[in-house]
Amino acid sequence: MTLEHQHQGSSLGAYLPDVEAALAGLDHRQVISRIWSGDHTVWKPDPTEISSRLGWLTVTDVMLEQAPVMQALVREVRYEGYRHVVLMEMGGSSLGPEVLRQTFGSVPGYLEPIVLDSTVPAWVQSVAEAIGPARTLFPAPSKSGSTTEPNMFYVYFKDLVERAAGKDGVGRHFIAITDARTPLDKLAVEQGFRRVFANPTEIGGRYSVLSYFGLVSAALIGLDLDRLIGRADRMREESAPAVPAHENPGGWLGAVMGVLAQSGRDKLTLVTSPSISSFGLWVEQLIAESTGKEGMGIVPVAGEPLGAPNYYGDDRVFVYLRLDGDDNDESDKAVGAIQVSGQPVGRLDLRDVRDVYDIGAEFFRWEMPTTIVGS
């Protein structure tokens, strides 16, 4: 299968031969299979932290097994009459749940999400006034278990719940999402939290959307976990080590990102269909934090209104994430004009606006090339 056939609508122009050479190089050096095996020499001669942070590669297996546990929690709190879930969105793991919330909204009959993403007193007070504490669930997410903001929020909302419903069983209004044996894990056991979800320790915050950090809140607002995780798992299979780089979704995107960045086009501009616009914010954080720490210096640009082709210089590469059936007229026209002007454009097509669960696959797709470009 040629690159042109696999990625119809993409136009890499003069960079195509270099991308093809990079893909051949990935196969020759067995980069993708070495990433899957946790070979630290992909990145540096000595063992590095990244080789112990590759749990995202297999997290779909774990989460498919654990989906019934999360679904049981949802049935439990719905049966008990809970109405709201306060999403404490702070830190590196916060953007994934926010993307899911903005993309899907909440399903009628499930918990209504209230976002708490600021410690500004007026904002915290507004959240408190929007809920009935006696019928609200408070997930406390913190990988380290010592993050200041969730701990502050716990103390504040614990007091609210006690005043609204009494001290008996107050812990059942809280769940902990953290690594095992952290201070939060210990607190949750001591205070009788309803659940403790011990996340796999080998998953970093910005790669955690397909773990408990993203999926517990997704389940509470009514998302179909089997479909969401299943789409991600399908992308994982398509990105397996035995798949040649030019057929590997993550391999292709990694080669494009790497080649264009090395050619001076280090501003990766993500264009999305309107219904999945928040996805760009997650990609922006993923790439900026990951490649910045590895010295690659790719600058992701998300949420920027598209301008006329002559607005852009020779430091740009565009990736268009297009959801079929969405209101794409404006973005189709703008991207088409940019493409005709000679700017390199990659295009990734999602199937149907009526079924946005493919966003689960996109989470996995983008994690792989972000890892590859650091090799």
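Against the main long axis of the alpha-carbon atoms of the chain, helix 279-293 sits at an angle near 70°.
Dipole of the chain computed with +1 at Lys/Arg Cβ and -1 at Asp/Glu Cβ about the Cα centre; of 142, 107, 19, farthest Cα towards the positive end is 142. Quick one: go through the stretch 329-364 and flag any residue whose amide nitrogen is under 19 Å from the point 7 Å out along the Cα-to-Cβ line of residue 311. Under cut-off, by backbone N: 329-346. Couplings for the stretch 133-140, taken from phi via the Karplus curve 6.51 cos²θ - 1.76 cosθ + 1.60 with θ = phi - 60°, read x, 5, 10, 10, 9, 10, x, 10 Hz in order; Gly and Pro are left as x. If R0 equals 56 Å, the separation of the Cβ atoms of residue 180 and residue 16 corresponds to a calculated FRET efficiency of about 0.75. Full extension of the chain between residue 71 and residue 189 yields a length gain of 40.4 nm, computed as 0.36 nm times the residue separation minus the alpha carbon distance. Label-to-label distance for residue 29 and residue 227 is 4.0 nm, based on points extended 7 Å past Cα in the beta-carbon direction.
The calculated P(r) of the stretch 120-257, using every Cα pair and 10 Å bins from 0, goes 11, 32, 30, 16, 9, 3, 0 in percent. Report the residues of the stretch 241-258 in range of a label on residue 324: point 7 Å along Cα→C-beta, backbone N strictly under 20 Å from it. Residues 248-250 qualify, since their backbone N sits under 20 Å from the label point.
Radius of gyration over Kirkwood radius for the stretch 29-144, both on Cα atoms: the Rg/Rh ratio is 1.10. With R₀ set to 56 Å, the beta-carbon distance separating residue 107 from residue 337 gives a calculated FRET efficiency near 0.90. Assuming charge only on the beta carbon of Lys and Arg (+1) and of Asp and Glu (-1), the dipole of the chain about its Cα centre is about 920 debye to the nearest 20.
Zone of residue 146 (label point 7 Å along Cα→Cβ, backbone N under 20 Å): which residues in the stretch 166-187? Within reach of a label on residue 146: 176-187.
Each stretch of four or more DSSP H residues adds -39500 (n - 2.57); spread over every residue of the chain, this sum gives -14000 deg cm²/dmol at 222 nm. Legend: calculated FRET efficiency, residue 123 to residue 64, from the Cβ-Cβ distance at R0 = 35 Å, rounded to 0.05, equals 0.45. Rounded if a/c is under 1.5, else prolate if a/b beats b/c, else oblate: with a ≥ b ≥ c from the C-alpha gyration tensor eigenvalues square-rooted, which is the stretch 105-175? Because its axes are fairly even, with a/c under 1.5, the stretch 105-175 counts as rounded.
Here are a few candidate values for Rg/Rh (Cα atoms, Kirkwood Rh): (i) 0.96; (ii) 0.99; (iii) 1.13. Which one was actually calculated from the structure I just gave you? The value matching this structure is (ii). With neighbour counts taken as other beta-carbon atoms within 10 Å, the residues 158, 143, 44, 167 rank, fewest first, as 167, 44, 158, 143.
Coordinate-derived values only; no laboratory data. Computed from a predicted structure; not experimentally measured. For neighbour counting, all protein chains shown are included, and Cβ atoms are generated from backbone atoms with ideal geometry for every residue, glycine included.
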